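The values are calculated or read from the model by the stated rules, or taken from the named source; none is laboratory data. From a predicted model like this one, the values you see are computed outputs, not experimental measurements. Ideal geometry is used to build each Cβ from the backbone, glycine not excepted, and the neighbour counts take in all protein chains shown.
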Amino acid sequence: MMDHEKTLLLGNQIIERLKRVFDPEIPVNIYDLGLIYNVSIDGDSVAHITMTLTAPNCPVAESLPVEVKESVMEVQGIKDCVVEITFEPPWTKDMMSEAAMLDLGFL
């Protein structure tokens, strides 16, 4: 398998794992909620996740990044995972997927 294909496959598997992580206050997974800004995998098979929280004082600010890392580490072929929290740009409900907006009654 080519490196590019392997990276795409791993990236898709990571996204599937992230869709199993939920914000405890909102019944939608963090991916569809729009909290994941970037997923990349470097040449050493280390996943880099850039994400945000719904608010800087979010009650899961400590535990959610740990849960994200643990979920990503379940993907076979990933050797490590670095989770970076950012608040730029700040999260808004406009970042949610259409499915998430439907689930929460915004559409």
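Structure values in brief
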read-out: Tabulated pairs, segment 83-107, first in contact (Cβ under 8 Å) with a residue 12 or more places away in the chain, second exposed (fewer than 12 other Cβ atoms within 10 Å of the Cβ) and not in a loop (DSSP other than H, G, I, E, B), C-beta under 6 angstrom, 6+ apart or interchain; value: none
read-out: Scope segment 58-102; condition within 13 Å of the chain's Cα centre (by Cα), of a type outside the set (A, V, I, L, M, F, W, C) and part of a helix (DSSP H, G or I); matching residues; value: Pro65, Glu67, Lys69, Glu70, Ser71
read-out: Unique match (being of a type in the set (Asp, Glu) and in contact with a Pro (Cβ under 8 Å, 6 or more places away or on another chain)) among Glu74, Glu67, Glu25; value: Glu25
read-out: Selection status of Val66, in contact with an Asp or Glu (Cβ under 6 Å, 6 or more places away or on another chain) and either closer than 19 Å to Pro90 by Cα or free of Cβ contacts under 8 Å to residues at least 40 places away in the same chain (or both); value: no
read-out: All positions within segment 69-94 that are surrounded by 14 or more Cβ atoms within 10 Å (Cβ to Cβ) and either under 18 Å from Asn57 (Cα atoms) or in contact with an Asp or Glu (Cβ under 7 Å, 6 or more places away or on another chain) (or both); value: Val83, Ile85, Trp91
read-out: Flag if Glu5 is part of a helix (DSSP H, G or I), modelled with pLDDT under 95 and among the acidic types (Asp, Glu); value: yes
read-out: Unmet requirement for His48, which otherwise passes all of (1) part of a helix (DSSP H, G or I); (2) surrounded by 12 or more Cβ atoms within 10 Å (Cβ to Cβ); (3) not aliphatic (A, V, I, L, M); value: (1)
